[in-house]
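> The structure follows.
Every number in this text was worked out from the coordinates using simple rules, so none of it is lab data. Just so you know, these numbers come straight off a predicted model, no measurement behind them. Cβ sites come from the backbone with ideal geometry, for glycine too, and all protein chains shown count toward neighbours.
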């Protein structure tokens, strides 16, 4: 076990936070660009964003619990957090938000690229779907971040 003040522990904790910010930031950007597509049509910036390639930064959402478990197990005195209500809620929120991102944001991004390329009628439907899912993920991320940061007593 590492002291919660050791540089290794701090580095792992920072990585946990950065992985979350990178992953959820990419999910948020998907929503921003889908709203931009709805508002302004297929501009070069939205075409570049929805280029049909996998959203690699967004996949970092899946690494959040990996670093979280490492921080939990290596930090001295962290194991009692497993029995706290805030921890269970935060983990549940991550599961829900990751499911939304991996089912309602990333696959439609590729479909949106195809729809734009083919000038399909369902561009608006796909963009709205991505926008809504991104918005839900954003709110869930903020709530989970709050719970992890402030660890309320429940």
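> First check a/c for region 81-154, with a ≥ b ≥ c the square roots of the eigenvalues of its C-alpha gyration tensor; if it is under 1.5, answer rounded, and if not, answer prolate when a/b is larger than b/c or oblate otherwise.
On the way: a/c = 5.14, a/b = 3.56, b/c = 1.44.
Here region 81-154 falls in the prolate category.
> Continuing with the same structure: If the chain between residue 82 and residue 114 were fully stretched, how many nm would it gain, using 0.36 nm times the residue separation less the Cα-Cα distance? Write down the numbers at each step before the final one.
Values: separation 32, 0.36 × 32 = 11.52 nm, distance 4.36 nm.
Result: 7.2 nm gained on full extension.
> Taking region 28-87 on its own, what percent of its Cα-Cα pair distances exceed 12 Å? Walk me through the numbers before you get to the answer.
Working: 1326 of 1770 pairs.
So the pairs more than 12 Å apart make up 75 percent of the total in region 28-87.
> Further, regarding this structure: Relative to the compact-globule scaling 2.2 N^0.38 Å, provide the ratio for the alpha-carbon radius of gyration of region 7-150.
Relative to the rule-of-thumb radius for its length, region 7-150 sits at 1.18.
> Report the full-extension gain for the segment residue 66 to residue 40: residue separation times 0.36 nm, less the Cα-Cα distance, to one decimal in nm. Provide the component values of the computation, followed by the final result.
On the way: separation 26, 0.36 × 26 = 9.36 nm, distance 3.85 nm.
Working it through step by step, the gained length comes to 5.5 nm.
> Could you work out how much longer the chain between residue 18 and residue 73 gets when fully extended? Use 0.36 nm per residue separation minus the Cα distance between them, nm to one decimal. Kindly include the intermediate steps, with their values, before the conclusion.
Values: separation 55, 0.36 × 55 = 19.80 nm, distance 1.86 nm.
Gain on extension, residue 18 to residue 73, equals 17.9 nm.
> For a label point 7 Å from the Cα of residue 48 along Cα→C-beta, name the residues of region 103-121 whose backbone N is under 19 Å from it.
Flagged as within label range: 110, 113-114, 116-117.
> Now for a separate question. Could you calculate the FRET efficiency of residue 3 with residue 89 from 1/(1 + (r/R0)^6), where r is the beta carbon distance between them and R0 is 22 Å, rounded to 0.05? Each step should come with its number before you reach the end.
Details: r = 27 Å, r/R0 = 1.24.
After rounding to 0.05, the efficiency reads 0.20.
> Among 126-133, 48-55, 77-84, 93-100, how do they line up by average Cβ neighbours within 10 Å per residue, starting with the highest?
Values: 126-133: 20.6, 48-55: 15.1, 77-84: 11.5, 93-100: 17.5.
The densest-packed peptide leads the list: 126-133, 93-100, 48-55, 77-84.
> Further question: Using only Cα positions of region 1-40, each an equal point scatterer, no hydration layer, compute I(q)/I(0) via Debye at q = 0.20, 0.24 Å⁻¹ and quote the log10 values to two decimals.
Summing over Cα pairs of region 1-40 leads to -0.64, -0.75.
> Helix-derived [θ] at 222 nm for the chain: sum -39500 (n - 2.57) over DSSP H runs of at least 4, divide by residue count, nearest 500? Before the final figure, lay out each step's value.
Values: 7 runs with 112 residues, N = 154.
That comes out to -24000 deg cm²/dmol.
> If one computes the Cα centroid of region 36-59 and of region 107-131, what distance in Å separates the two points?
Measuring centre to centre over Cα atoms gives 10 Å.
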